[in-house]
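**Q** Quick one: the structure is below, questions incoming.
A short reminder: the numbers here are calculations on the coordinates, not readings from a lab. Here the structure is a predicted model, which means the values were calculated and not measured. All Cβ positions, glycine included, derive from the backbone under ideal geometry; neighbour counts span all protein chains shown.
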Amino acid sequence: MNFYVELFVSILLVTGAGFVLIGSVGLIRLPDFYTRLHAPTKATTLGMGCLLIASMVLISFTKGAPSVHELLITLFLFITAPVTAHMLAKTALHYELGFTEKTKGKELAEKARERVSPADDA
């Protein structure tokens, strides 16, 4: 196998593993649901994309034929992760899940509460 292909795959593997590690640590360490939501949807998704592309390149050069399975999995992951994060955030706002003191965007939750129950003011 070509040295440059191995180097490229190695860089993708190390980069992907680093992003997955950062996303996993962020999922554990971040203070509330809304900030924890960013770790798996951003860093871990990018890390898994790097790992899957590295697998696709390695299998394509080893077998001599293009490997499409990893590309399809990567595309599906990149399409579904943001949609899932958006749905989870909207559900958390609907159920009025609490914020920590340092989390920005409390104004959005207050506005959402006002839209849900405007009859309370009358």
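**Q** Could you work out the Rg to Rh ratio of the range 3-83, with Rh taken as the Kirkwood radius (inverse of the mean 1/r over all Cα pairs)?
**A** Result for the range 3-83 is an Rg/Rh of 1.07.
**Q** Here is a follow-up. Which residues in the range 45-82 have a backbone N closer than 16 Å to a point placed 7 Å from the Cα of LEU13 along the Cα-to-Cβ line?
**A** 48-63
**Q** Tell me the chymotrypsin sites (Phe, Trp or Tyr not before Pro) within the range 1-104 that lie in a loop according to DSSP and have at most 15 other beta-carbon atoms within 10 Å.
**A** Sparse-neighbourhood loop chymotrypsin sites (Phe, Trp or Tyr not before Pro): TYR95.
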